[in-house]
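Have a look at the structure below, then the notes.
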Amino acid sequence: MSPVNSVLGSPIKRREDPALITGKGKYTDDLKVFGMLSAVMVRSPFAHARIKSIDTAAAQAMPGVIAVYTAADAEAAGMPGLVPVGWLLDTLKTPPHPMLASEKVNHVGDAVAVVVAEDRYVARDAADAVLVDYEPLSACTNPKDAISDGQAQIHDEAPSNIAFDWEIGDQAKTAAAFAAAAETVRCDLRNQRLIPHAIEPRAVLADWNEATGEMTIHLTTQNPHVHRLLMCLSSIGLPEHKVRVIAPEVGGGFGSKIHHYADETIIAMCSKLCGRPVKWAATRTETNQTDAHGRDHVTSAELALDQDGKILGLRVSTYANMGAYLSTFAPAVPTYLYGTLLSGQYDIPAIYGHVVGAFTNTSPVDAYRGAGRPEATFLVERLMHLAGEATGLGPVEIRKRNFLTPDQFPFETQVALTYDSGNYGPAMDRALEMLGYEQLLADQEQRRQSPNGKQIGIGFSAYIEACGLAPSAVVGSLGAQAGQWESAELRVHPTGSVTVYTGSSSTGQGHKTSFSQIVADRLQLDVSQVEVIQGDTDLVQFGMGSYGSRSGAVGGSAIARSTDKILDKAKLIAGHLLEAAPEDLDFKDGSFCVRGSADHSVAWGDVALQAYLAHNYPENLEPGLVASAFYDPENFTYPFGTHICVVEIDPETGTTELLRYVAVDDVGNVINPMIVDGQIHGGLAQGIGQALWEGAHYDEDGQLLTSSLLDYAVPKMHNLIDFELDRTVTPCPHNPLGVKGVGEAGAIASPPAVVNAVMDALAPWKIQHLDMPLTSEKVWAAVHSQ
């Protein structure tokens, strides 16, 4: 062994990558099983229609077709066939979401039948041969319009298409703050709908074993155990111990692979009824039509300030689009993950938020990278930009004047959260220093002497996010139908190497590397001596999976706790071997030694071997060296930072060019800075994409106009620039690693930074707000309408 004493904080190359970059990684659609069949869904081309009849005869008669199933077949097979909701609210309406529609379809892409054939090409042809007689109905896609009089009723269980009516904060106190205000600013905005676009479309391979009554499901999932639980409770009618869910390599998720979809239940049914393995893989168009989308808020927000620019109150009204059905955790996103972040980094003494969730004839909306936090940050930071202009304080001073100060922590906001720690000023100061802010202001002023020329804009975003949703008892009281802890088990082998079994499940974040570093650092091993196992419900103890930037803070903390238990037991064994009290031992350089007597020591490998030989062993101590932990955090973690974007606008074309992007983030202690930087880069790409190019568009009939990458503009490499990154470090005070979370920070901070920069560049034309995406056409039209 070659012990490593500074593993944490080292930019170790990702251990996952050799297999992936050499083409040896196995994704769900790469898997082949003997006797495997292929499935294709028959989906509705209408956003809202009654099903008058389904004729499968022609499809059934085609050579190579094994079966065509509809909702009637699922019912005959005794499968419950309903997709469950994983978060409940007091006012929530929960209409049934059938895995196959039988009476009515409610969005384009709603599945009405499934064809199983010898290969996917035959299945595709047969799906086209299924004849469905539809009676089209009027459709609605806008959440604010959907609840108004005269709109088509989507679900009988939800009158006026209202899914829920929710509020947070003190309405009367906030009204009083506005009555006392010297200055108010208002912004009406649309946080547009986004499609996640993970590079790997969703896929399922189900294999029913009739002899054992067991189902094995390979699945593109972020949380295998939760998927298994939801499927067993509501969909496939099998007990958990008879269902194995495996997540092989997963090519990105961004939230869209958290949710339980009808498709995985349909494929499980097909395998059970056919008695053979069945695989389904979505096309990109299917992905865009049926993956849970993100965002889609229509919001009016107001900020009240006193004569000195101090914030007195914030008032927010939002209509949140839930789509045609409630996705797994959808009710939480525009409520507890959105309303609770409305205070931002600021001391706001009065806040009131009101959210109405509306059903529409669109794809369901659920968590997408940031999930509620980007929507809250966007409106708060747009208001701060406007407040800086209205008060004359500018974007820096208005923020600094209202930042919480270090001596205010822990700080209880007006919207239910308690920020445990923070120090916001240094992140802002460092970002300004990196930018050369004063020189940029001078350059901007010089440009503005030629009002028809290209203009520079500087945009700020001082964000905070809440990661690692917790603790379980609290989120349970708020409606969560799952715990928010995480699990880990460590098995030390007789030679001293370690296998880690984690309930977290990676979708590309580098868990095997980061988690190996945690164990290697604590046990003073080389990372090559640590193996990480994840994503298999038969191998790994129950875990909650990966979402909400929780893997390091919650999953990593469970691993740290397990490692500490291993060390405690190892000290008992070492103390016996050294004839010393365990409390008198130090663990250093891979050996246990008696304090003050470095020569009197025993190596880690010898202790591990003795744990399994048990020849020279403490009495009443079980052999073996295995430990597990279920870590339930006492609070969220609260990463924060300041991002500054510099753009150049060409008024002749409306083109926005990124010139600079500076990001100073505080994610607590850093396990692997290379992975952290990569997470920031990825989040920035998605957030900048939302600000400038991306958006899902439906026409008045509910047809998705952006169902392919020909029409949906994801950012390309040439659109982006080199990002300038730095960090401050304020460790989380309540978990054993001091880490916070980083996966969503870039996507949360960047949209307001970019939009504020564009609005700053457009200031000579007195344009105060444009809704995202800020396309060239939109900017050009705004400039030339003045």
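Of the residues G741, G682, which is in contact with a Lys or Arg (Cβ under 7 Å, 6 or more places away or on another chain) and assigned by TED's automatic domain parsing to the domain that holds K454? Step through it out loud before you land on a result.
Details: G682 fails: in contact with a Lys or Arg (Cβ under 7 Å, 6 or more places away or on another chain).
Of G741, G682, the one residue that is in contact with a Lys or Arg (Cβ under 7 Å, 6 or more places away or on another chain) and assigned by TED's automatic domain parsing to the domain that holds K454 is G741.
Return the pairs, sorted by first residue and then second, in which the second residue is modelled with pLDDT under 95 and of a type in the set (A, V, I, L, M), the first residue lies in region 39-62 and is assigned by TED's automatic domain parsing to the domain that holds A129, the beta carbons are less than 7 Å apart, and the residues are 6+ apart or on different chains.
H48/A152
Is it true that T22 is of a type in the set (S, T, N, Q), under 17 Å from D110 (Cβ atoms) and out of contact with any Asp or Glu (no Cβ under 9 Å at 6 or more places or on another chain)?
Numbers: of a type in the set (S, T, N, Q): yes; under 17 Å from D110 (Cβ atoms): no; out of contact with any Asp or Glu (no Cβ under 9 Å at 6 or more places or on another chain): yes.
For T22, the condition - of a type in the set (S, T, N, Q), under 17 Å from D110 (Cβ atoms) and out of contact with any Asp or Glu (no Cβ under 9 Å at 6 or more places or on another chain) - is not met.
Across region 535-592, what is the number of residues that are within 26 Å of V670 (Cβ to Cβ), among the small types (G, A, S) and out of contact with any Cys (no Cβ under 8 Å at 6 or more places or on another chain)?
Going through region 535-592 one residue at a time, the tally reaches 13.
Among (1) small (G, A, S); (2) surrounded by fewer than 18 Cβ atoms within 10 Å (Cβ to Cβ); (3) more than 19 Å from T362 (Cβ to Cβ), where does A152 come up short?
Single failed check for A152: (3).
Could you check, for region 548-564, whether at least one of its residues is of a type outside the set (G, A, S), surrounded by 22 or more Cβ atoms within 10 Å (Cβ to Cβ) and free of Cβ contacts under 8 Å to residues at least 60 places away in the same chain?
The answer is no; no qualifying residue exists.
Being of a type outside the set (A, V, I, L, M, F, W, C) and touching a strand residue (DSSP E or B) at 6+ places or on another chain (Cβ under 6 Å) is the filter; apply it to region 290-305 and report the residue that is surrounded by the fewest Cβ atoms within 10 Å (Cβ to Cβ). Break it down into steps so the answer makes sense when it comes.
To start, the set of residues in region 290-305 that are of a type outside the set (A, V, I, L, M, F, W, C) comprises 290-291, 293-297, 299-300, 302.
Next, from what is left, pick out any that are touching a strand residue (DSSP E or B) at 6+ places or on another chain (Cβ under 6 Å): 293-297, 299-300, 302.
Working: H293: 24, G294: 29, R295: 27, D296: 28, H297: 26, T299: 24, S300: 15, E302: 19.
Restricting to residues being of a type outside the set (A, V, I, L, M, F, W, C) and touching a strand residue (DSSP E or B) at 6+ places or on another chain (Cβ under 6 Å), the top hit is S300.
Taking the options A152, A163, A158, A111, name whichever one is touching a Leu at 6+ places or on another chain (Cβ under 7 Å), within 20 Å of L82 (Cα to Cα) and either basic (K, R) or outside the structural domain of L37 (by TED's automatic domain parsing) (or both).
On the way: A152 fails: within 20 Å of L82 (Cα to Cα); A158 fails: touching a Leu at 6+ places or on another chain (Cβ under 7 Å); A111 fails: either basic (K, R) or outside the structural domain of L37 (by TED's automatic domain parsing) (or both).
That would be A163, the only listed residue that is touching a Leu at 6+ places or on another chain (Cβ under 7 Å), within 20 Å of L82 (Cα to Cα) and either basic (K, R) or outside the structural domain of L37 (by TED's automatic domain parsing) (or both).
Criterion first (surrounded by fewer than 18 Cβ atoms within 10 Å (Cβ to Cβ) and either without any contact (Cβ under 8 Å) to a residue 12 or more places away in the chain or touching an Asp or Glu at 6+ places or on another chain (Cβ under 9 Å) (or both)) does A431 satisfy it? Talk me through it step by step, then tell me what you get.
Numbers: surrounded by fewer than 18 Cβ atoms within 10 Å (Cβ to Cβ): no; either without any contact (Cβ under 8 Å) to a residue 12 or more places away in the chain or touching an Asp or Glu at 6+ places or on another chain (Cβ under 9 Å) (or both): yes.
Spelling it out, it is not the case that A431 is surrounded by fewer than 18 Cβ atoms within 10 Å (Cβ to Cβ) and either without any contact (Cβ under 8 Å) to a residue 12 or more places away in the chain or touching an Asp or Glu at 6+ places or on another chain (Cβ under 9 Å) (or both).
Residue-by-condition table, conditions (1) open to solvent by 30 Å² or more (accessible area, probe 1.4 Å); (2) closer than 21 Å to V396 by Cα:
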position	(1), (2)
A696	no, no
D701	yes, no
N719	yes, no
V742	no, no
I767	no, yes
P773	no, no
S776	yes, no
W780	yes, no
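Among the strands (runs of 3 or more DSSP E) contained in region 582-657, which hold 2 or more residues that are open to solvent by less than 50 Å² (accessible area, probe 1.4 Å), under 30 Å from W780 (Cα atoms) and of a type in the set (D, E, K, R)? Talk me through it step by step, then tell me what you get.
Details: elements: 585-588, 591-594, 597-603, 626-631, 640-650.
Output list reads 640-650.
How about region 517-536: which of its residues are in contact with a Gly (Cβ under 9 Å, 6 or more places away or on another chain) and farther than 28 Å from P639 by Cβ?
Q524, L525, Q529
Please specify each residue of region 306-324 satisfying the condition of being of a type outside the set (D, E), over 29 Å from the mean Cα position of the chain (by Cα) and surrounded by fewer than 24 Cβ atoms within 10 Å (Cβ to Cβ).
Q307, G309, K310, L312
Any chance region 417-424 includes a residue that's over 23 Å from M384 (Cα atoms), open to solvent by less than 40 Å² (accessible area, probe 1.4 Å) and in the same structural domain as A745 (by TED's automatic domain parsing)? So that I can check it myself, show each step before the final result.
Of region 417-424, the ones over 23 Å from M384 (Cα atoms) are 420.
The next check asks that each one be open to solvent by less than 40 Å² (accessible area, probe 1.4 Å); those that pass are 420.
Applying the additional criterion that residues be in the same structural domain as A745 (by TED's automatic domain parsing) yields 420.
So far as region 417-424 goes, yes, one or more of its residues are over 23 Å from M384 (Cα atoms), open to solvent by less than 40 Å² (accessible area, probe 1.4 Å) and in the same structural domain as A745 (by TED's automatic domain parsing).
If a residue must be touching a strand residue (DSSP E or B) at 6+ places or on another chain (Cβ under 9 Å) and surrounded by fewer than 22 Cβ atoms within 10 Å (Cβ to Cβ), how many such residues does region 113-148 contain? Step through it out loud before you land on a result.
The initial filter retains those residues of region 113-148 that are touching a strand residue (DSSP E or B) at 6+ places or on another chain (Cβ under 9 Å), namely 113-137, 139-147.
Remaining after also requiring surrounded by fewer than 22 Cβ atoms within 10 Å (Cβ to Cβ): 118-122, 124-125, 127-137, 142, 144-145.
Within region 113-148, residues that are touching a strand residue (DSSP E or B) at 6+ places or on another chain (Cβ under 9 Å) and surrounded by fewer than 22 Cβ atoms within 10 Å (Cβ to Cβ) number 21.
Residues checked against (1) more than 20 Å from A390 (Cα to Cα); (2) at pLDDT below 95; (3) touching an Asp or Glu at 6+ places or on another chain (Cβ under 9 Å):
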{"site": "A304", "(1), (2), (3)": "no, no, yes"}
{"site": "P331", "(1), (2), (3)": "yes, no, no"}
{"site": "Y336", "(1), (2), (3)": "yes, no, no"}
{"site": "I348", "(1), (2), (3)": "no, no, no"}
{"site": "H354", "(1), (2), (3)": "yes, no, yes"}
{"site": "T360", "(1), (2), (3)": "yes, no, yes"}
{"site": "S363", "(1), (2), (3)": "yes, no, yes"}
{"site": "Y368", "(1), (2), (3)": "yes, no, no"}
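For Y352, indicate whether it is open to solvent by 10 Å² or more (accessible area, probe 1.4 Å), in contact (Cβ under 8 Å) with a residue 24 or more places away in the chain and not β-branched (V, I, T). Reasoning before the result, please.
Details: open to solvent by 10 Å² or more (accessible area, probe 1.4 Å): yes; in contact (Cβ under 8 Å) with a residue 24 or more places away in the chain: yes; not β-branched (V, I, T): yes.
So Y352 passes the test.
Can you spot a residue in region 383-401 that is basic (K, R), open to solvent by 10 Å² or more (accessible area, probe 1.4 Å) and over 24 Å from L92 (Cβ atoms)? Please lay out each step first, then the result.
Quick first cut of region 383-401, residues basic (K, R) only: 399-401.
Filter again for open to solvent by 10 Å² or more (accessible area, probe 1.4 Å), leaving 400-401.
Okay, now just the ones that are also over 24 Å from L92 (Cβ atoms), so 400-401.
Checking region 383-401: at least one residue is basic (K, R), open to solvent by 10 Å² or more (accessible area, probe 1.4 Å) and over 24 Å from L92 (Cβ atoms).
In region 658-679, how many residues are more than 23 Å from K13 (Cβ to Cβ) and surrounded by fewer than 22 Cβ atoms within 10 Å (Cβ to Cβ)?
Of the residues in region 658-679, the ones more than 23 Å from K13 (Cβ to Cβ) are 658-662, 664, 666.
Next cut, surrounded by fewer than 22 Cβ atoms within 10 Å (Cβ to Cβ) only: 658-660.
Count: 3.
Mind checking whether some residue in region 184-205 is of a type in the set (D, E), in contact with a helix residue (DSSP H, G or I) (Cβ under 6 Å, 6 or more places away or on another chain) and in contact (Cβ under 8 Å) with a residue 12 or more places away in the chain? I'd like the intermediate steps shown before the answer.
Just the residues of region 184-205 that are of a type in the set (D, E), to begin with: 188, 200.
Those left that are additionally in contact with a helix residue (DSSP H, G or I) (Cβ under 6 Å, 6 or more places away or on another chain): none.
Looking for residues that are of a type in the set (D, E), in contact with a helix residue (DSSP H, G or I) (Cβ under 6 Å, 6 or more places away or on another chain) and in contact (Cβ under 8 Å) with a residue 12 or more places away in the chain, one finds none in region 184-205, hence no.
Which of the residues spanning region 1-55 are in contact with a Lys or Arg (Cβ under 8 Å, 6 or more places away or on another chain), open to solvent by 70 Å² or more (accessible area, probe 1.4 Å) and closer than 30 Å to S138 by Cα?
R50
How do the pairs read when you match residues in region 262-288 that are within 22 Å of C232 (Cα to Cα) with residues anywhere that are open to solvent by less than 10 Å² (accessible area, probe 1.4 Å) and aromatic (F, W, Y), using Cβ under 6 Å and keeping only pairs 6 or more apart or on different chains?
Going by the 6 Å Cβ cut-off, the qualifying pairs are I267/W280.
Would you mind stating whether Q686 is touching a strand residue (DSSP E or B) at 6+ places or on another chain (Cβ under 7 Å), open to solvent by less than 60 Å² (accessible area, probe 1.4 Å) and farther than 30 Å from D521 by Cα? Talk me through it step by step, then tell me what you get.
Numbers: touching a strand residue (DSSP E or B) at 6+ places or on another chain (Cβ under 7 Å): no; open to solvent by less than 60 Å² (accessible area, probe 1.4 Å): yes; farther than 30 Å from D521 by Cα: yes.
When the stated conditions are applied, Q686 does not pass them.
Here are some residues: E531, E489. Which one is touching a residue at least 40 places away in the same chain (Cβ under 8 Å), of a type in the set (D, E, K, R), under 30 Å from M215 (Cα atoms) and out of contact with any His (no Cβ under 9 Å at 6 or more places or on another chain)? Outline the logic, then answer.
Working: E531 fails: touching a residue at least 40 places away in the same chain (Cβ under 8 Å).
The match here is E489.
Take the residues in region 457-485 that are over 22 Å from L386 (Cα atoms) and under 15 Å from the mean Cα position of the chain (by Cα); name whichever of them is most open to solvent (accessible area, probe 1.4 Å).
L469
Out of the residues in region 144-173 that are charged (D, E, K, R) and part of a helix (DSSP H, G or I), which is nearest to T413 (Cα to Cα)? Give the steps one after another, and end with the answer.
Taking region 144-173 as the starting set, the residues that turn out to be charged (D, E, K, R) are 144-145, 149, 156-157, 165, 167, 170, 173.
Add one more test, that the residue is part of a helix (DSSP H, G or I), and what stays is 144-145, 173.
Details: K144: 29, D145: 32, K173: 14 Å.
Per the criteria, the residue is K173.
Kindly indicate whether L404 is under 30 Å from S551 (Cβ atoms) and modelled with pLDDT under 95.
Details: under 30 Å from S551 (Cβ atoms): yes; modelled with pLDDT under 95: no.
No; evaluated as a whole, the condition is false for this residue.
The values are calculated or read from the model by the stated rules, or taken from the named source; none is laboratory data. What you see is a predicted model; the values in this text were computed from it and never measured. Note that each Cβ is placed from the backbone with ideal geometry, even for glycine, and that neighbours are counted across all protein chains shown. The area values use the complete protein model at the heavy-atom level, side chains included, leaving out ligands, DNA and RNA. Shrake-Rupley method; radii C 1.70, N 1.55, O 1.52, S 1.80 Å.
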